[in-house]
Amino acid sequence: MLIEILAAGAEVPVNEFGFMEAMEQGGPVAWSILAVLVIQSVGSFYILFTKIFEQNKVMKEYRANRAAFWNAPSIKDGASKFDKNSAWRQLVDDGIRAGHEAEKMHDSLESHDWLHGTLSRSESAIMAKLNGGLPFLATVGATAPFVGLLGTVIGIYRALINIGIEGSASIDKVAGPVGEALIMTAIGLLVAVPAVFAYNYLMSRNRRIQSMLSGFSTDLQANITSNGQVKPALRAAAPAKAAKTAPAAAKPATAPKA
């Protein structure tokens, strides 16, 4: 068929529809909407990777230094086991400072509340830092489909205006422009879905870290109020594996038969 068309001197029809054609016809509005979606996508992935790195650092440091901290002679000596700028070092330093301040109070109940409140505020500050950026992911997941839909609505409006000007509503005049307009909706969904998954994943890991911080804060408070007498029970090291082949026990010698 193609050979016959070329032989007749007719030109092969060129596909005038596509992503770039839709953006060029959409003008500054379409490019602006696309720019917003690109910024949302890049920001979402940036937050995802930076938060995963930050969370891994917090969890690994706790698992690696927890035993060394509680085996130290005092929590002041154990604080050196954590990095100076780490979340766990901040919690220990705040607890030590609050413990010294609580000793100046004459009411034991007030001193207990002061220590507990200080550790709670320290936990909240740490979690606020870990949760930073997550509202952006939630916003992207909620708004990106509508931003793409806005581009679709504008594209369909433009297509209908052109159809009205040309005075033709045939399928070839409708399907192409409407199909182009739907590209923006697809892009909006491609931006929103990863952002929602990233938000839920990071929130679940933050809840795990919050549980670790709460347990460590409770143990720290008990240790401070008891002057170092109360410490959490640490899991014992796994026993060494027995050798695969144990030496056979020597059989008792039997007396020779008479």
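Some notes on this structure:
- Using R0 = 41 Å, the C-beta based FRET efficiency linking VAL38 and ASP83 works out to 0.70.
- Shape call, the range 44-124: gyration tensor on alpha carbons, a/c limit 1.5: oblate
- You can think of it this way: the chain between ALA138 and SER108 has 6.4 nm of extra reach, that is 0.36 nm per residue less the Cα-Cα gap.
- Segment SER211-LYS76, length gained on full extension (0.36 nm per residue, minus Cα span): 46.3 nm
- Calculated FRET efficiency for the pair SER226/LYS129, C-beta based, R₀ 25 Å, to 0.05: 0.25
- The value given for the range 27-225 is a Kirkwood hydrodynamic radius of 20.6 Å, derived from the mean inverse Cα-Cα separation.
- Once the C-beta distance of VAL193 and LEU160 is scaled by a Förster radius of 41 Å, the resulting FRET efficiency is 0.90 to the nearest 0.05.
- Projecting label points 7 angstrom from Cα along Cα→Cβ for ALA64 and HIS116 puts them 3.5 nm apart.
- Among the listed pairs LYS51/LYS76; LYS57/LYS104; LYS60/LYS84; LYS60/LYS104, those beyond 26 Å (Cα-Cα): LYS51/LYS76; LYS57/LYS104; LYS60/LYS104
Here, each number is a calculation from the coordinates, and none is a lab measurement. The structure displayed is predicted, hence computed values, not measured ones. All Cβ positions, even for glycine, are placed from backbone atoms using ideal geometry, and neighbour counts span all protein chains on display.
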